[in-house]
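> One structure, pasted below without further comment.
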Amino acid sequence: MYCPNCGKEIKDSDNFCRFCGADLRLEETHVEEQHEEYVVQNEVEQHEIIENSDEEEYVLYDVRKHWMSLAVPIFLVPLFLFYFWSIFLNSHSFLSWITVIAILALIIYPIARYKSDKIIITNKFAHIKVGVLNPEEVDIPLEKLDVLEVSQTSMGRMFGYGMISFAVNSEKYDYGYIEAPEDLQYIIDDPARFIAESM
């Protein structure tokens, strides 16, 4: 330990400097006061963070669609190209038009759903959007949201996707082909625990 006044080396147990006579007890009191101010300031900041977290809404989990939701379009694209070049261009019949439109719809619709469907879980709500042309959008408070069922087929367990069913005011919503559905159930079952673990 060194004297803060003259800079000479002194013992840790000294109350006064043996060289210049400076009172070392005042220095210790000053350090303790600074430490107490830091502790109080830190507690105030933590309290403000907790208060702000009660007021502000922030995203806990953004549910993502699994690529398996695009399995049908991936399978149908080569079939469509084969039919278009081999049959449609040579026939132009009414039935061929209907077939082309039907195959295109089966390709485009899942892709549009993949882009449009959303589930975003925040610390207050579950924001759900399902559909393409006339999408159904609901904002459900977490305390009123129940997970009825998280289901996975054997294929789903193999590739890591599943379906989750919500119930709100006696209405049921099914949302399929989501990545890691068990994570979503964990968050909704106990959002406070998830928030505490994430911070």
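Where a number appears in this text, it was derived from the coordinates with a stated rule and is not lab data. What you see is a predicted model; the values in this text were computed from it and never measured. FYI the Cβ positions are ideal-geometry reconstructions off the backbone, even for glycines, and counts take in every protein chain you see.
> List the residues whose amide H sits under 5 Å from the amide H of residue 64, counting only those 5 or more places along or on another chain, with H placed 1.01 Å from N in the peptide plane.
179
> Can you list the HN-Hα couplings for the stretch 120-131, worked out from phi with the Karplus curve (6.51, -1.76, 1.60; θ = phi - 60°), rounded to whole Hz and with x for Gly and Pro?
Values per residue, Gly and Pro as x: 10, 9, 10, 6, 10, 10, 10, 8, 10, 10, 9, x Hz.
> Let me ask something additional. What ranking, highest mean first, results for peptides 153-161, 112-120 when packing means the other Cβ atoms within 10 Å averaged over each residue?
Numbers: 153-161: 12.9, 112-120: 15.8.
Highest to lowest by the protection proxy: 112-120, 153-161.
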